[in-house]
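Engineer: Let me give you the structure first, and then I'll get to my questions.
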Amino acid sequence: MSRYHRACLALFAAGVATFALLYSVQALLPELSRAFGVTPAQSSWSLSAATLGLGVALLVTGPLSERTGRTPLIHLSLTLSALAGLACAFAPTWHALLGLRLVQGVTLAGLPAVATAYLREELPADRQGRAAGLYIGGTALGGMTGRLISSVVAEAYGWRLSLAAVAAVGLACAVIVASLLPASRNFAAGPHVALSRRAFTDPALLSLYGIGAVAMGSFVAVYNAMGFRLTSAPFTLGAAAAGAVFLVYPAGTLSSSIAGRLADRHGRRAVLPFGFLLTAAGLLLTLPDHLALTVAGLAVMTAGFFCVHGVASGWVPVRAHAGGVPAGQAASLYLFAYYAGSSLFGNLAGTAWSYGAWPAVVLLAAACLVAGGLLATSLRRVPSLVTSP
């Protein structure tokens, strides 16, 4: 197997593990609400605590990787986060679970902080877009896997065993990555320096950070509230049946891979706005109280979101490198904004659901998408720093 294919497969598995562990509780929000006697908005904190810890830790792990290297952080992150996930299954109280999820978010930060920087350093320029798309596709599959396993196992055996099962998936992926991921050849360690000023002033990077925040915010808002919608009237589905809607996630795996290829061929500026249009179209399809339309809308929205995230996250290290910004720093700032958006809007989704049910959640998500579409359009007017391959 070539070095290129080993790297792609390893990071695909790493993406599966990261998103399976991070989003394992999303399908369990109604179950956790009942088990601990908390409101829908409070139950959302089991996800927001992890994304908040991850986002803050990224500000450390990204710059740290400029000294220690990419691959050691990837291996350490995958192992510790799986062990933290196992500990969550034994949380005795609600606040203990929140604390452990916060710790798990911190341990998860090692992979997303360096994955795209690793791809930029180790792979040919004309293959970076498709490799980044495949990595993001792995995160899409991981999101589906974690949600499906947790919902199915929880209905049969309870939420504790469901979290333990997802942790086992994370450990298996850590073993795969340890055996496949090639060591860095092109990484050059440098001194630990403060965040580059240009990382906060480059207009393209700032727009990409904003895109990550609002795109992820809309996506998590919809999926956080979807469990409550499907288990309530008029659908009244069980936990396993409601969790089955996450089978639409392969649409994200496919779209991120296709978007990466299109970005290599036609440029990122052309592909990114289309991703937002596709996401918005899917969101609108979920408005009627019709199960088939809701599932179809989720599939289209998922495809659109991963198109946006796959292109934007792969663009950040390329733009940063061309502008003299350390790639690890820029990737960390993008992901900090990405997970901050997840924490903020994901938590607001519970409040929106309590006050206005599904139409209020759609309105919240739509506002995020409009903002993201405007930012994506503005990028077409920002001068490029590199020549497309």
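The values are calculated or read from the model by the stated rules, or taken from the named source; none is laboratory data. These numbers come from a predicted model, not from an experiment. When we count neighbours, we look across all protein chains shown, and the Cβ atoms used for this are built from the backbone with ideal geometry, even at glycine. Only protein heavy atoms, including side chains, enter the accessible area calculation; ligands, DNA and RNA are left aside. Shrake-Rupley method; radii C 1.70, N 1.55, O 1.52, S 1.80 Å.
Engineer: Could you say whether any residue in region 121-135 is modelled with pLDDT of 85 or more and within 27 Å of Val153 (Cα to Cα)?
Structural biologist: no
Engineer: Those residues that are open to solvent by 10 Å² or more (accessible area, probe 1.4 Å) and closer than 18 Å to Leu247 by Cβ, I need them from region 20-43; list them, please.
Structural biologist: Matches in region 20-43: Ala27 only.
Engineer: Do any helices (runs of 4 or more DSSP H) entirely within region 217-299 hold 3 or more residues that are buried (at least 24 other Cβ atoms within 10 Å of the Cβ) and at negative phi, and if so, which?
Structural biologist: 250-266, 268-285
Engineer: Since Ser46 meets every condition but one in (1) at pLDDT below 90; (2) under 24 Å from Phe246 (Cα atoms), which condition does it not meet?
Structural biologist: (1)
Engineer: Further question on the same structure: Which of the following residues is within 24 Å of His290 (Cβ to Cβ), touching a helix residue (DSSP H, G or I) at 6+ places or on another chain (Cβ under 7 Å) and not basic (Lys, Arg): Tyr135, Tyr223?
Structural biologist: Tyr223
Engineer: May I pose another question? May I ask you to list the residues in region 56-78 that are buried (at least 19 other Cβ atoms within 10 Å of the Cβ) and closer than 26 Å to Leu163 by Cα?
Structural biologist: Ala57, Leu58, Thr61, Leu73, Ile74, Ser77, Leu78
Engineer: Follow-up. Can you say whether Leu369 is touching a Gly at 6+ places or on another chain (Cβ under 6 Å), in contact (Cβ under 8 Å) with a residue 40 or more places away in the chain, more than 21 Å from Gly62 (Cβ to Cβ) and aliphatic (A, V, I, L, M), as far as the supplied structure shows?
Structural biologist: Against the criterion (touching a Gly at 6+ places or on another chain (Cβ under 6 Å), in contact (Cβ under 8 Å) with a residue 40 or more places away in the chain, more than 21 Å from Gly62 (Cβ to Cβ) and aliphatic (A, V, I, L, M)), Leu369 does not qualify.
Engineer: State the number of residues belonging to region 294-338 that are of a type in the set (S, T, N, Q) and modelled with pLDDT of 90 or more.
Structural biologist: Summing the residues that are of a type in the set (S, T, N, Q) and modelled with pLDDT of 90 or more in region 294-338 gives 2.
Engineer: Let me ask something else about it. Quick one: is Ala331 aliphatic (A, V, I, L, M), open to solvent by less than 20 Å² (accessible area, probe 1.4 Å), without any contact (Cβ under 8 Å) to a residue 60 or more places away in the chain and out of contact with any strand residue (DSSP E or B) (no Cβ under 6 Å at 6 or more places or on another chain)?
Structural biologist: So Ala331 does not fit the description; no.
Engineer: In region 340-374, which residues are more than 24 Å from Pro234 (Cβ to Cβ) and open to solvent by 50 Å² or more (accessible area, probe 1.4 Å)?
Structural biologist: Leu344, Leu348, Ala367, Val370, Leu374
Engineer: Could you check region 167-202 and list, in sequence order, the residues that are in contact with an Asp or Glu (Cβ under 9 Å, 6 or more places away or on another chain) and at pLDDT 80 or above?
Structural biologist: Pro182
Engineer: Only residues that are in contact with a Lys or Arg (Cβ under 9 Å, 6 or more places away or on another chain) and of a type in the set (A, V, I, L, M): list them for region 1-27, please.
Structural biologist: Answer for region 1-27, where residues must be in contact with a Lys or Arg (Cβ under 9 Å, 6 or more places away or on another chain) and of a type in the set (A, V, I, L, M): Ala20, Val25, Ala27.
Engineer: Right, something else. Looking at region 341-363, I want the residues that are closer than 11 Å to Tyr223 by Cα and have a partner that is open to solvent by 10 Å² or more (accessible area, probe 1.4 Å) and hydroxyl-bearing (Ser, Thr, Tyr) with Cβ atoms under 9 Å, at least 6 apart or on another chain. Which pairs are those?
Structural biologist: If the second residue must be open to solvent by 10 Å² or more (accessible area, probe 1.4 Å) and hydroxyl-bearing (Ser, Thr, Tyr), the pairs left are Gly350/Thr39.
Engineer: Show the residue pairs that are 6+ apart or on different chains and have beta-carbon atoms under 6 Å apart, the first residue being within region 231-249 and more than 23 Å from Ala140 (Cα to Cα), the second being open to solvent by less than 30 Å² (accessible area, probe 1.4 Å).
Structural biologist: Thr231/Pro30; Thr231/Ala242; Leu237/Leu230
Engineer: Do you know which residues across region 92-137 are more than 16 Å from Val56 (Cβ to Cβ), part of a loop (DSSP other than H, G, I, E, B) and either open to solvent by less than 20 Å² (accessible area, probe 1.4 Å) or hydroxyl-bearing (Ser, Thr, Tyr) (or both)?
Structural biologist: Result: Thr93, Leu123.
Engineer: Take the residues in region 252-270 that are touching a Gly at 6+ places or on another chain (Cβ under 9 Å) and among the aliphatic types (A, V, I, L, M), then tell me which one is nearest to Arg381 (Cα to Cα).
Structural biologist: Ala263
Engineer: Listed residues Phe228, Phe219, Phe246, Phe235; which is touching a Pro at 6+ places or on another chain (Cβ under 8 Å) and not basic (Lys, Arg)?
Structural biologist: Phe228
Engineer: With the structure loaded, tell me whether Gly170 is in contact with a Leu (Cβ under 6 Å, 6 or more places away or on another chain), in a helix (DSSP H, G or I) and open to solvent by less than 50 Å² (accessible area, probe 1.4 Å) or whether it fails that test.
Structural biologist: So Gly170 fits the description; yes.
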